[in-house]
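The values are calculated or read from the model by the stated rules, or taken from the named source; none is laboratory data. Source: prediction; values computed, not measured. Every residue, glycine as well, gets a Cβ built from its backbone with ideal geometry; the counts of neighbours run over all protein chains shown.
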Amino acid sequence: MNLNLKIWRQKDATSKGQMVDYPLKGVEEDMSFLEMLDVLNEQLINKGEEPIEFDHDCREGICGTCSMQINGQPHGPDRLVTVCQLHMRSFADGDTIVIEPFRASAFPVIKDLIVDRVAFDRIQQAGGFVSVNTSGNTLDANAIPIGKDIADTAFNSATCIGCGACVAACKNASAMLFTSAKVSQFALLPQGQVEATERVQNMVRQMDLEGFGNCTNTGACEVECPKGISLENIARMNREYLSATVKG
Amino acid sequence: MSGLIKSSIVRKVVMALSGLFLVFFLAQHFTINITSVIDPETFNTWSHFMGYNPLVQYLLQPILIAGVIIHFVMGFVLEIQNNKARGIKYMKYKGSANAPWVSRNMIISGAVILAFIGLHMYDFWVHEMAYKYIEGNPEDPTRYYAETVEKFEPIWRTVIYIISFALLALHLLHGFSSSFQTMGVNNKYTPAIKTFTKAFAIVIPLGFAFIAIYHHLNPITH
């Protein structure tokens, strides 16, 4: 198939970027979206032009680095996929495809389609962990019986890959779905409940400091999340936060 | 305290609680208004009670005004912050692909409702304050029905009210059930909350519109 690509080009973090048109011929429908960009980059390199920079690592849907807004949606039109899992069969011959980096003030563009998502790391560092006793007599986590429904719910929250699609989709660039998934995966388990109060307060404080927007419950994040993280996590985080605030 | 109000979750909770309070007020307002098409005497009795009961006048009325102000001020503050959170906008943003129009445009429906409240306050509250405190008229428990019907004689006011009620319906469609999510309620009762929200958001504004149309079509003949 032949495509007309409109891709955001930006030399570096301080330069002003712009959309550039790239007609691309002979795209196979079985290619992944990233493979299609690989083909375009080969052509650009052969012509002596600068290739388009984009983040990718695992190419199996778990690294969450492919921070692209494709035709106005994070990771493109398909549900529950990252860009490496999006295939060209989702598009038609002659289509114009607009490719931009995720947009949020807390996710500054580094170059072309690469954004800096270190803000997520700082939220995680603020409380997304369990402090364990490492003196040699640590209790084996598997020795604590946990109901399957609780274990499954915590696991579902833990499947968040921190890709930032929730922020990219949200009209307010809110990071509530990411933060709530990281709060939930610990809050649901006995090991995480010991530090629950400080965790939710510290992570929400860091989230606010990073300059993400406020959640208005549109639900766009849940729809666009490649791992299907649900809004129940946000409700749980709100409960945790309000309970922590009352406790002081 | 200043730390609390800086918290995005606390700000959301303020929006949710003030919104739920206004929803409760709306239900109470509608209950009294609908009596104006059923039995004018009952409408006069209730309106007089609301206009002269000290508890309503000096406690509930200031709380209501504060609730409205808090909801709107916080709404605009959040809107400004949310715009800042995406400094550079997308060239192409397909919001309709993942969220309904009503949830993405609460600021538009909210701004229209705010303008409507301005007109509504001018029509009834300012008139009431002038009647009681500036002109110093004596109590008259029989005047409310005639005053209300008279307001809906001009077609322009009736149309503005109907348009505002339509926007109110859109605002409630998202806002009512959204308040529960903000308060941390997302469980087996959520489908029932969403169904009740839809019913409330349609029935109450439609009822208000019906009252306006009824009085426009049934003027008091002098």
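Residues of segment A:215-232 being within 9 Å of chain B (Cβ to nearest Cβ), crowded, with 22+ Cβ neighbours inside 10 Å and not small (Gly, Ala, Ser), which ones?
Residues satisfying the conditions are A:215, A:216, A:217, A:218, A:221, A:224.
Kindly provide the set of residues from segment A:199-214 that are among the hydrophobic types (A, V, I, L, M, F, W, C), out of contact with any Gly (no Cβ under 8 Å at 6 or more places or on another chain) and more than 9 Å from every other protein chain (Cβ to nearest Cβ), ordered by number.
A:209
Quick check on my filter: what residues within segment A:23-56 are touching a helix residue (DSSP H, G or I) at 6+ places or on another chain (Cβ under 9 Å) and either farther than 29 Å from residue A:173 by Cα or at pLDDT below 95 (or both)?
Of everything in segment A:23-56, those that are touching a helix residue (DSSP H, G or I) at 6+ places or on another chain (Cβ under 9 Å) and either farther than 29 Å from residue A:173 by Cα or at pLDDT below 95 (or both) turn out to be A:24, A:26, A:27, A:28, A:29, A:30, A:31, A:49, A:50.
Being surrounded by 13 or more Cβ atoms within 10 Å (Cβ to Cβ), in contact (Cβ under 8 Å) with a residue 12 or more places away in the chain and more than 24 Å from the chain's Cα centre (by Cα): is that true of residue B:132 here?
yes
Quick check on segment B:83-99. Is at least one of its residues closer than 21 Å to residue B:21 by Cα and in contact with a Ser or Thr (Cβ under 8 Å, 6 or more places away or on another chain)?
No - not one qualifying residue is present in segment B:83-99.
State whether one or more residues within segment B:49-67 are away from chain A (no Cβ under 14 Å), out of contact with any Cys (no Cβ under 7 Å at 6 or more places or on another chain), part of a helix (DSSP H, G or I) and in contact (Cβ under 8 Å) with a residue 60 or more places away in the chain.
Checked against the condition, which is being away from chain A (no Cβ under 14 Å), out of contact with any Cys (no Cβ under 7 Å at 6 or more places or on another chain), part of a helix (DSSP H, G or I) and in contact (Cβ under 8 Å) with a residue 60 or more places away in the chain, segment B:49-67 yields at least one hit.
Could you tell me which of the residues A:129, A:54 is of a type in the set (Phe, Trp, Tyr) and under 26 Å from residue A:25 (Cα atoms)?
Only one candidate qualifies: A:54.
Tell me whether segment B:16-32 contains one or more residues that are within 14 Å of another protein chain (Cβ to nearest Cβ), closer than 30 Å to residue A:209 by Cα and surrounded by fewer than 17 Cβ atoms within 10 Å (Cβ to Cβ).
The answer is yes, given that some residue of segment B:16-32 is within 14 Å of another protein chain (Cβ to nearest Cβ), closer than 30 Å to residue A:209 by Cα and surrounded by fewer than 17 Cβ atoms within 10 Å (Cβ to Cβ).
For segment A:156-192, enumerate the residues that are hydrophobic (A, V, I, L, M, F, W, C) and farther than 11 Å from residue A:227 by Cβ.
A:167, A:168, A:169, A:170, A:173, A:175, A:176, A:183, A:186, A:187, A:188, A:189
(1) under 23 Å from the mean Cα position of the chain (by Cα); (2) within 21 Å of residue B:24 (Cβ to Cβ); (3) surrounded by fewer than 13 Cβ atoms within 10 Å (Cβ to Cβ): which one isn't true of residue B:189, the others all being true?
So residue B:189 meets the others, but not (1).
Starting from residues that are surrounded by 13 or more Cβ atoms within 10 Å (Cβ to Cβ), more than 14 Å from chain A (Cβ to nearest Cβ) and of a type in the set (Phe, Trp, Tyr), keep the ones in segment B:86-129 and report whichever is farthest from residue B:146 (Cα to Cα).
B:116
Kindly indicate whether residue A:64 is on the phi > 0 side of the Ramachandran plot, in contact with a Ser or Thr (Cβ under 7 Å, 6 or more places away or on another chain), of a type outside the set (Ser, Thr, Tyr) and away from every other protein chain (no Cβ under 14 Å).
yes
Kindly indicate whether any position in segment B:199-214 is without any contact (Cβ under 8 Å) to a residue 24 or more places away in the chain and closer than 21 Å to residue B:27 by Cβ.
Yes, some residue in segment B:199-214 is without any contact (Cβ under 8 Å) to a residue 24 or more places away in the chain and closer than 21 Å to residue B:27 by Cβ.
Restrict the check to segment B:73-83 and report whether at least one residue is exposed (fewer than 12 other Cβ atoms within 10 Å of the Cβ) and aromatic (Phe, Trp, Tyr).
no
Mind checking which residues of segment A:1-39 are crowded, with 16+ Cβ neighbours inside 10 Å and closer than 15 Å to residue A:96 by Cα?
Once the filter is applied, which keeps residues that are crowded, with 16+ Cβ neighbours inside 10 Å and closer than 15 Å to residue A:96 by Cα, segment A:1-39 yields A:1, A:3, A:5, A:6, A:7, A:8, A:22, A:24, A:27, A:33, A:36, A:37.
Answer yes if at least one residue in segment A:163-172 is away from every other protein chain (no Cβ under 14 Å) and either farther than 25 Å from residue A:102 by Cβ or modelled with pLDDT of 95 or more (or both), and no otherwise.
yes
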